[in-house]
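See below for the structure under consideration.
Laboratory data are not the source of any read-out in this text; all were calculated from the coordinates shown. Please read all numbers here as calculations on a predicted model, not as lab measurements. Every residue, glycine among them, receives a Cβ derived from its backbone with ideal geometry; neighbour counts consider all protein chains shown.
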Amino acid sequence: MPRNLFLYLDLACFVGLLAIFVVDGYLGIYDTVYIIAGEREEKIEPDSWLRQEKFGARGVGVSRDEKAFFRYEVDNRRFSRYMADIEVSVWHSQQKVRDLVSQPMSIAGFDKGELEWVIDTAELLPGDIPPEQSYEFTIIIKRGEIERNIIVYINPRAYPSKLVPVPSR
Amino acid sequence: MKLEYVLFGFGILLSLAGVGYLAAEYVKYLSEVGKLVALLLAVGMFGFLGKYLESLGW
């Protein structure tokens with residue numbers, strides 16, 4: 001048995017460990033969504049999509065009549081160029097409400113691509129929804145075969161506006 | 001001489017902290033198979049290190 005056999009085996013395990021972290025953990029395509037609604041910024045990180053498969057889509061709250069600004073960032077951690085068609089749409093009760101974005105994306109190796117869109121809750125809400133009632137819809141981001149879902153909760157107004165009668169003079 | 005040991009210890013601590021940070025950062029991106037193989041390799045690494053130190057007479 002060679003004198004330093006265990007040392008070489010130990011080093012081989014260490015190199016294998018590093019290789020797994022680099023190849024399986026770092027290389028690949030990672031997408032992140034940044035959402036600004038009101039004064040809050042939320043970040044949906046790539047590992048959130050893995051949890052989505054088990055626990056359902058991530059949700060984000062937006063106040064009524066407010067706009068939400070979305071930024072979709074795709075990180076290409078591969079040596080080759082990445083190309084995909086990005087389609088973003090709004091859905092409610094399994095029915096498409098509106099298309100937001102539909103365009104191809106091409107990202108060079110170890111580079112990032114970005115896409116931005118805005119949703120206006122005032123435009124998306126049906127007219128017959130009273131202010132004290134909440135509402136929700138789903139933003140579906142399709143990147144090639146991959147689909148990401150984000151549920152947008154439209155919060156009800158805490159205090160519905162009431163008309164105050166003008167006192168008679 | 002003592003200062004050298006202090007510097008060695010400092011360097012080892014920084015290295016371990018760096019590797020630990022990177023492992024914590026990227027372990028969440030590993031697939032289930034990748035996590036299992038990484039665990040087996042980590043066990044093997046510590047096991048072989050123990051056998052090597054044993055062969056040195058520790």
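Summary table below
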| item | result |
| --- | --- |
| With eigenvalues of the C-alpha gyration tensor scaled by 5 and rooted, the protein assembly as shown, Å | 53, 22, 16 |
| Mean-position separation - Cα centroids, segment A:60-115 and segment A:19-49, in angstrom | 13 Å |
| About the Cα centre, charge dipole magnitude for the protein assembly as shown (Lys/Arg +1, Asp/Glu -1 at Cβ), debye | 340 debye |
| Which of A:E114, A:E45 has the fewest Cβ neighbours within 10 Å, and the rest in rising order | A:E114, A:E45 |
| Size of charge dipole - segment A:28-155 - debye, nearest 20, with Cβ of Lys, Arg +1 and Asp, Glu -1, no other charges | 440 debye |
| Integer Hz, Karplus 6.51/-1.76/1.60 couplings in order for segment B:2-14, x for Gly and Pro | 5, 4, 4, 4, 4, 5, 4, x, 4, x, 5, 4, 4 |
| Rounded, prolate or oblate (a/c below 1.5 giving rounded, otherwise prolate when a/b exceeds b/c) for segment B:2-55 by Cα gyration tensor | oblate |
| Full-stretch length increase - A:E123, A:Q95 - with 0.36 nm per residue and alpha-carbon distance subtracted | 8.4 nm |
